[in-house]
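Asks: Got a structure here, written out as structure tokens. Questions coming.
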Amino acid sequence: RDKENEIAQKINSYIPKVNGKEITRTEINKILETDKNTKLRKRVYNAKIKGGDLIAKDLVDFVILRNEYAQKKGYSNYYEYKLKEDYEVDIKELENLLKNVYAKTSDKIKKINKKTKKELLKIYEIKEENLKNYHYGLLSSTNPDNKVNKKLKTKEQIYEISKKTYQNMGYDIEKLEKEGKLTLDLYPRKNKNTHGFCFDLDAGKDARILANLTNNINSLDTLNHELGHCMYDLFISEDLPYIDRTTTPAMTEAIAMMMGDLPKKENILSDLISKKLQKDIKESYVKSELNFVSKSLVIINFEYEMYKNPKQNLRKLWHNLNVKYRGINENQEQNNEWATIPHYLSHPAYYQNYFRATIIKAQIYNYLKEKLGNITENQKTAEFLNNNLFKYGISLEENELIVKFTGKKLSVEDFLKNIGVAIAS
């Protein structure tokens, strides 16, 4: 724990600077989304990954220490130990899931990667061999996210949209705040932690969100997501034994990610945008899901391979996985961007929960849609989720809970259906 705190202090105290001026991570992300100036983008990107350079060696040493601990417990490495002991996930089952999803989505992922490259080459007016990491992340003028962002004038607007979204499902966010059950710290300020997360102090009574919202659709996704975690936490039955009054990581992430999807699945922006843009934003859902799959495959496979052999060239491993899954150029410079993934330090082996949650959320959402229609247009949604899912905490094992709620075992069918992949009969 001391080593983890030491590394965390080093990365948390790092303040990125561009042209000698301090810049927040929120500002970095906004520049990479909106600014076409390649010189500025390069400086901003380098400022972002410099934090990884500061802790890369420390992280490797820490991985080695973690492995030594896991081997004393009878495991090959700490990743497999953490996976089994904390998340009750078998490494072989996880590997099979990753391979299965990629096999069925790889053609679509490659098409999207190719299209993205083509768009970026046109925007920057460069040849393919000159396309670098810092060129990625820009929202093109035709990207519906970019068009929605122009309609979002203030960061406070994000809160209002999210509050109304939950109200339309039957959750009264303002009431929960007034009762002291929900505490929100939503906007950036100097020296504030730059990440976004929800944490519950007492299930059913006290859940809190820290975020750094700005006026864009990513922030709406973030707030909807974190409120999803909070609603789950706050509506676990207080009648359960204390030890059962929590959630499994994949289940709470499934609900949170489902809520984060709402701008691209339902009509929560109808008061703000045209019907045409609403249609476009919904159609962009498939692309965002496939991009998430490719990104997750990089992050999860890298972490597992790092724990299997922490002394290998990790810059090269990160590079090769990005070439394979995200289609970046072979001639890209290798760097320590991998060390900027916060989960590697604070939540080892956790990212696979997001991947499994992607599969779970599709099955849950499709079931809800079948029962209730658009969940943000039905006041009974809250009651239905509370009484049939949230209240159980971890009194039911994850797979039992999925079967109890949806009536069938977890499979990739709903996920594939939602992204338009034909399922063999």
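The values are calculated or read from the model by the stated rules, or taken from the named source; none is laboratory data. Every value quoted in this text rests on a predicted model; they were computed, and no experiment measured them. When we count neighbours, we look across all protein chains shown, and the Cβ atoms used for this are built from the backbone with ideal geometry, even at glycine. Side chains included, ligands, DNA and RNA excluded: accessible areas come from the protein's heavy atoms. Shrake-Rupley method; radii C 1.70, N 1.55, O 1.52, S 1.80 Å.
Asks: Can you tell me the accessible area per residue over the chain, all protein chains present, probe 1.4 angstrom, in square angstrom?
Replies: Heavy-atom SASA per residue in the chain reads 49 Å².
Asks: Something else: Sticking with the crude label model, points 7 Å out along Cα→Cβ, report the distance from N267 to Q9 in nm, one decimal please.
Replies: 5.5 nm
Asks: What distance in nm lies between label points placed 7 Å from Cα along the C-beta direction at K118 and K409?
Replies: The modelled label-to-label distance comes out at 4.1 nm.
Asks: Then there is this: Can you give me the distance in nm between label points at D239 and D90, each placed 7 Å from the Cα along the Cα-to-Cβ direction?
Replies: About 3.5 nm separates the two model spin labels.
Asks: While we're looking at this one, here's another question. Out of residues 5 or more away from I236 or on other chains, whose amide H comes under 5 Å of its own, with H placed 1.01 Å from N in the peptide plane?
Replies: Amide H neighbours of I236, under 5 Å, 5+ apart: G204.
Asks: Given Cβ point charges of +1 (Lys, Arg) and -1 (Asp, Glu) and nothing else, what value in debye, to the nearest 20, does the dipole of the chain about its Cα centre take?
Replies: 2020 debye
Asks: Okay, next question. Please find the FRET efficiency linking T183 to S274, where r is the Cβ-Cβ separation and R0 is fixed at 41 Å, and quote it to the nearest 0.05.
Replies: The calculated FRET efficiency here is 0.70.
Asks: Continuing with this model, one more query. Considering only L321, L201, L368, give the residue with the highest GNM mean-square fluctuation for the chain, with springs between Cα atoms whenever their separation is below 10 Å.
Replies: Of the options given, L201 has the highest mean-square fluctuation.
Asks: Tell me, what HN-Hα J-couplings in whole Hz come from the Karplus equation 6.51 cos²θ - 1.76 cosθ + 1.60 at θ = phi - 60° for each residue of region 264-275, using x for Gly and Pro?
Replies: 9, 10, 10, 9, 6, 9, 4, 6, 10, 10, 6, 4
Asks: Which of the lysines could a cross-linker span from K275 if the Cα-Cα distance has to be under 18 Å and same-chain partners fewer than 8 positions apart are dropped?
Replies: The qualifying lysines are K147, K150, K151, K264, K265.
Asks: Through the Karplus equation 6.51 cos²θ - 1.76 cosθ + 1.60, θ set to phi - 60°, convert the phi angles of region 106-113 into ³J(HN,Hα) values in whole Hz; use x for Gly and Pro.
Replies: 4, 4, 5, 4, 5, 5, 5, 4
Asks: Quick one: with all protein chains in place, what share of the accessible area of the chain is carbon or sulfur, to the nearest percent (1.4 Å probe)?
Replies: Its accessible area is 47 percent carbon and sulfur atoms.
Asks: From the cross-link list K82/K190; K122/K295; K163/K205; K82/K371; K10/K192, which pairs have alpha carbons spaced over 26 Å apart?
Replies: Those over the limit are K82/K190; K82/K371.
Asks: If you don't mind, another one. Contour minus end-to-end for D53 and K316, with contour as 0.36 nm per residue of separation and end-to-end as the Cα-Cα distance?
Replies: 93.2 nm
Asks: When the Karplus curve 6.51 cos²θ - 1.76 cosθ + 1.60 is applied with θ = phi - 60°, which whole-Hz ³J(HN,Hα) does each residue of region 243-256 get, with x for Gly and Pro?
Replies: 5, 8, 8, 8, 10, 7, x, 5, 5, 5, 5, 4, 5, 4
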